[in-house]
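Here is the structure we will look at.
FYI, it's all coordinate maths here, none of it is from the lab. All figures in this text were calculated on a predicted structure; none of them were measured in a lab. Cβ coordinates were reconstructed from backbone atoms using ideal geometry, including for glycine residues, and neighbour counts include every protein chain displayed.
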Amino acid sequence: MHALRASVQITTRPADTPPTEAELAELVPGHDAVLCQLTEPMSRMVLEAGAAAGLRLVSQVAVGLDNVDLAACADLGIAVAHTPGVLTDATADLTMALLLAAARRLPEAERYLRAGRWDVWSLDLMAGLELRGAVLGIVGLGRIGQAVAARARGFGMRICYASPRRAPSDVEASLQAEWLPLDTLLARADVISLHVPLSADTHHLLSRARLGSVKDGAILVNTSRGGLIEEATLADALQTGPLAFAALDVFEEEPRVHPSLLDRHDVLLVPHIGSATRATRLRMAQLATDAVLDFAAGRPLQHPAR
Ligand code: GLV
């Protein structure tokens, strides 16, 4: 805010709750740029209202852009900037934290201890999944998917991935990653981790049918976007198997979590904190601010949406 105030005129919306589309459609017109977060519905209606009164840049403090209608931005000549790269490590770290917690049954083990049920050590107490040799299926081998794969290799996991395009051979070789069709990956992976952006093509990628076709006992981790999973059917998939556990950082209608998940013990739920380290959040804010300042000064954007 200091950097922005020094160079451009700004209007802020101080409320903690996200604006509605209608409120945005009133607020945005008259501004050349909007600096927004993933909670802001930058829909065609909002963008059209903005473009009619000067809007030419949307700078989003996030890498994911599913809340921004990119087609509308293109139609209306509005540039879009986002914050790739700076949150890769933090998000990959949280993915590993969820993966480890699920594999080693941490939520269950902690509940057990706190409930006073631990009276004797035993050989099979809380025995979980050994990561060495287990198969990690990565859906989307982009920046974050690759960072997760590199970490998982350090734990001795075997990596396979599904994505529309095959990764470059040096990436495959360094991660020893095998490219598979999604359905083969789902049938083979002990842990499935989602790293594709949410779009019309990937919405409900893990449909009820696919959730029912994973390997017996599989763990599902999602630090990407909730809409990749048909959330309303997840509890059923866990109840009837073969899916054994879901560790979720993201949800279809944040901050609401589907009620069928809330009292289950085979889910681990955290509130969209993938990039939430202090250093990363500062870097994200910095990049989004830089985009506004670059734009105001007529410089090219460093991270335009593609
Ligand atoms: C967070 O979810 C982001 O897209 O940056």
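For helix 143-154, report the angle its Cα long axis makes with the longest principal axis of the Cα atoms of the chain; keep it between 0 and 90° and round to the nearest 10°.
It is inclined by approximately 30 degrees.
Hey, how many Å between the Cα centroid of the range 169-221 and the Cα centroid of the range 31-50?
Computed from Cα coordinates, the inter-centre distance equals 32 Å.
Calculate the spin-label point distance for SER199 paired with SER7, positioning each point 7 Å from the Cα along the beta-carbon direction, and give it in nanometres.
Each label point is offset 7 Å from its Cα along the Cβ direction, giving 3.0 nm.
If amide hydrogens are placed 1.01 Å from N in the peptide plane, which non-local residues have theirs closer than 5 Å to the one on VAL221?
Distant-sequence amide H within range of VAL221: ILE192, SER193, LEU194, ALA247.
How long, wide and thick is the range 1-122, going by the Cα atoms along their three principal axes, in whole angstroms, largest first?
For the range 1-122, the Cα extents along the three principal axes come out at 70, 31, 27 Å.
With r as the distance between the Cβ atoms of ARG114 and THR39 and R0 = 30 Å, compute the FRET efficiency 1/(1 + (r/R0)^6) and round to 0.05. Spell out each step's value before the answer.
On the way: r = 33 Å, r/R0 = 1.11.
Efficiency, rounded to the nearest 0.05: 0.35.
Can you give me the angle between helix 278-296 and the longest principal axis of the chain, using Cα atoms only, in degrees from 0 to 90, rounded to the nearest 10?
Here the helix axis deviates by roughly 30 degrees.
Extending each Cα 7 Å along its Cβ direction at ASP124 and ARG256, get the distance between those two points in nm, one decimal.
Reported label-point gap for ASP124 and ARG256 is 4.2 nm.
What percentages make up the Cα-Cα pair-distance distribution of the range 88-269 when the bins are 5 Å wide from 0?
1, 8, 17, 22, 21, 15, 8, 4, 2, 1, 0
Taking the number of other C-beta atoms within 10 Å as the exposure measure, put GLU130, GLU252 in order starting with the fewest. Before the final figure, lay out each step's value.
Values: GLU130 13, GLU252 19.
If I rank by nearby Cβ atoms, fewest first, I get GLU130, GLU252.
Output the 0 to 90 degree angle, nearest 10, between the alpha-carbon long axis of helix 88-103 and the longest principal axis computed from the alpha carbons of the chain.
Taking the Cα atoms of the chain, the angle to 88-103 is about 30 degrees.
Can you give the percent of C-alpha pairs in the chain whose distance is more than 28 Å?
That fraction is 44 percent.
Which percentage, to the nearest 5, of the DSSP beta bridges contained in the chain is antiparallel?
On the way: 2 of 34 bridges.
Here the share of antiparallel DSSP bridges comes out near 5 percent.
Report ³J(HN,Hα) in whole Hz for each residue of the range 200-208, in order, from the Karplus equation J = 6.51 cos²θ - 1.76 cosθ + 1.60 where θ = phi - 60°; Gly and Pro get x.
Rounded to whole hertz, the list is 4, 6, 9, 4, 6, 3, 8, 6, 3.
Sort VAL171, VAL292 by Cβ crowding within 10 Å, fewest neighbours at the top.
Going from least to most buried by this count: VAL171, VAL292.
With unit charges on the beta carbon (Lys/Arg positive, Asp/Glu negative), name the residue among LEU38, PRO19, LEU141 whose Cα is farthest towards the positive pole of the charge dipole of the chain.
LEU141
Per q in 0.15, 0.23, 0.24 1/Å, what log10 I(q)/I(0) does a Debye calculation on the alpha-carbon atoms of the range 226-291 return?
-0.56, -0.94, -0.99
How many nm separate the modelled label positions at ASP216 and HIS265, each set 7 Å beyond the Cα in the direction of the Cβ?
2.2 nm
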